[in-house]
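Enquirer: Let me give you the structure first, and then I'll get to my questions.
Just so it is clear, none of the values below were taken in a lab; they were calculated from the coordinates. Quantities reported herein were computed from a predicted structural model and do not represent experimental measurements. FYI the Cβ positions are ideal-geometry reconstructions off the backbone, even for glycines, and counts take in every protein chain you see.
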């Protein structure tokens, strides 16, 4: 049996999934600098779920709990992100802690890098309409997040998912944050790191230039 320290679910989890939940790690989707993502099955959802786990606290700004809250904030702000369902916090004991898990929906489709590679390998190009839809979709999701005071801070091609209809989704909120204050060039961010009894505040320049990266990749590789 998996030892659970605490269990948190989103407000509509009981309604949409039912009170019972079983987790099976079946297929590794990928591993990043701070965590791994697995596919899991749950028949109540009628779909596969993602389970994000094996956190490396040294490589991520946010704790799993903070990431869970931020991803829910993105979702409630109308940004296309995987819907989070559950946070399973590991249990501490004997100097060790069992793994944390964030359970969320699976987006059916590749990330943007995979899509670019696939098109290139197949010798296919984006139509101008496809290119513009993806480009506009990225800008729309970033703008929605910024209007809500939310900043991803780790946007790159592998953190943009694209479904079969070419709708754009943002993923991976391990470095995301909300802004406490802003100027023309800088944002002051809140973290969940506590030092001397107070949360640490970080100041970063505004820099979420995925549009330029996407445009450059397409133009340099002649995928349009």
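Enquirer: At 0.36 nm per residue, and after removing the present C-alpha to C-alpha distance, how many nm does the segment from residue 167 to residue 136 gain when stretched out fully? Kindly include the intermediate steps, with their values, before the conclusion.
Expert: Working: separation 31, 0.36 × 31 = 11.16 nm, distance 0.98 nm.
Length gained, residue 167 through residue 136: 10.2 nm.
Enquirer: 7 Å from Cα along Cα→Cβ at both residue 208 and residue 220: what's the point-to-point distance in nm?
Expert: 2.3 nm
Enquirer: Counting other C-beta atoms within 10 Å, which of 76, 89 has the fewest, and how do the rest follow?
Expert: Values: 76 11, 89 19.
Result, fewest neighbours first: 76, 89.
Enquirer: So for 100, 143, 172, fewest C-beta neighbours within 10 Å to most, what's the order? Walk me through the numbers on the way to the answer.
Expert: Working: 100 23, 143 11, 172 27.
If I rank by nearby Cβ atoms, fewest first, I get 143, 100, 172.
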